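Here, each number is a calculation from the coordinates, and none is a lab measurement. Quick caveat: nothing in here was measured; it's all calculated off a predicted structure. Glycine also receives a Cβ, built like all others from the backbone with ideal geometry; neighbour counts cover every protein chain displayed.
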Ligand code: HEM
């Protein structure tokens, strides 16, 4: 469903219903299956006498109330879970996987990060995540539809109803925007807030990713834990190539648990 859905977002939707064997019909079928699975999970959770003591996200949503006291219906719960999984988990996890891939190929930065984490610092780590998101953005495109009569964009005038796709990857690889863009260089962001018009892994404007701050916090905590508890095996292997994992574009990495004797600051 995620793989098909992410392809369909790149295409204009058909004006007519093309039937259940069309890609859109297949997607609706998957969505019905997804809703049925979530419906069963909800029924099991509601039957749990311990529900009010649970703090998993499904239990929290079932106990949540709108201002008028009403509970979320099953469709709303399913929508939120799908957002968390497809927009939230997949993107964050894949960015972290790229972080490991990049650090294994840059042992000098890795060593500085481990030392910084052991001393309780965070500046280089935050800059590293920013640089991973620049050099390996996991969402490559975002789009906008022209709603006004037309839109003047540089030398072009784009008519109403047209979609404009913005390539996040191309902006991030542009040497005129990020000098020496091909290099993995976290120091370019040390002590510097990235420019919100050129550093756009979370998109931009009013529809910028709503989970950006949460994802940044989560990636920082997970990377800090990885640096403290694991040894990322350095490698001279060529860079991982990009491939689609459905929503996001990812790669592979190898890690080992760090020896417990190694000194480090208390968390
Ligand atoms: C590293 C992690 C993430 C990346 C790279 C990412 C990337 C993006 C991008 C590129 C967009 C499109 C923005 C635009 O068109 O301007 C977006 C939108 C969105 N993201 Fe994320 N995202 C991440 C994490 C999350 C998380 C953790 C959540 C929720 C918990 C989330 C929920 C959403 C939602 C709901 C939208 C649609 C916002 C709207 O249309 O108003 N994302 N994200």
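When only alpha-carbon atoms count, how far does the range 124-165 stretch along each of its three principal axes, as whole angstroms with the largest first?
That works out to 46, 18, 13 Å along the principal axes.
Mind checking which of 147, 256, 28 has the largest fluctuation in a GNM of the chain, springs on alpha carbons under 10 Å?
It is 147.
Please rank 1, 219, 61, 10, fewest neighbouring Cβ atoms within 10 Å first, as an exposure proxy.
The order, fewest Cβ neighbours first, is 10, 1, 61, 219.
I need the per residue convex hull volume for the range 50-94, using only the alpha carbons, in cubic angstrom as a whole number.
83
If we restrict to alpha carbons, what Rg and Dmax does the range 73-162 come to, in Å?
Both quantities, over Cα of the range 73-162: 19.9, 57 Å.
In deg cm²/dmol, rounded to 500, what helix-only [θ] at 222 nm does the chain give when every DSSP H run of at least 4 residues adds -39500 (n - 2.57) and the total is split over its residues?
After summing the helix terms and dividing by residue count, I get -13000 deg cm²/dmol.
Cα convex hull of the range 12-71: mean projected area in nm², to one decimal?
Its average projected convex-hull area is 6.5 nm².
Peptides 128-139, 13-24, 80-91: what's the order by average Cβ count within 10 Å, highest mean first?
Answer by packing, highest mean first, reads 128-139, 80-91, 13-24.
Give me the extension gain from residue 73 to residue 170: residue separation times 0.36 nm, minus the current Cα-Cα distance, reported in nm with one decimal.
30.8 nm
What area, in nm² and to one decimal, does the C-alpha convex hull of the range 154-241 cast on average over all directions?
9.1
Which of these, 158, 190, 254, has the largest mean-square fluctuation under a Gaussian network model of the chain (Cα springs below 10 Å)?
Sorting by GNM fluctuation, first place goes to 158.
Taking the range 86-222 as the region of interest, what is the percent of Cα-Cα pairs per 5 angstrom bin, listed from the shortest bin to the one with the maximum distance?
Percent of Cα pairs in each bin: 2, 9, 17, 21, 19, 13, 8, 6, 3, 2, 1, 0.
Just the number, please: Stokes-Einstein D of the chain in µm²/s, Kirkwood Rh from C-alpha pairs, 4 °C, 1.567 mPa s.
60
For the range 1-109, compute the orientation-averaged projected area of the C-alpha convex hull (one quarter of its surface), in nm².
11.5
What is the gain in length, in nm to one decimal, between residue 47 and residue 163 on full extension, counting 0.36 nm per residue of separation less the C-alpha to C-alpha distance?
Here the segment from residue 47 to residue 163 would lengthen by 37.2 nm.
Would you mind computing, in nm to one decimal, how far apart the modelled labels at residue 255 and residue 17 are, each placed 7 Å from Cα along Cα→Cβ?
With each label point 7 Å from Cα toward Cβ, the separation is 4.7 nm.
D for the range 187-232, whole µm²/s, Stokes-Einstein with Kirkwood Rh over alpha-carbon pairs at 25 °C and 0.890 mPa s: what number?
Rounded, D is 196 µm²/s.
Roughly how far apart, in whole Å, are the Cα centres of the range 62-80 and the range 104-142?
Centre-to-centre distance over Cα atoms comes out at 38 Å.
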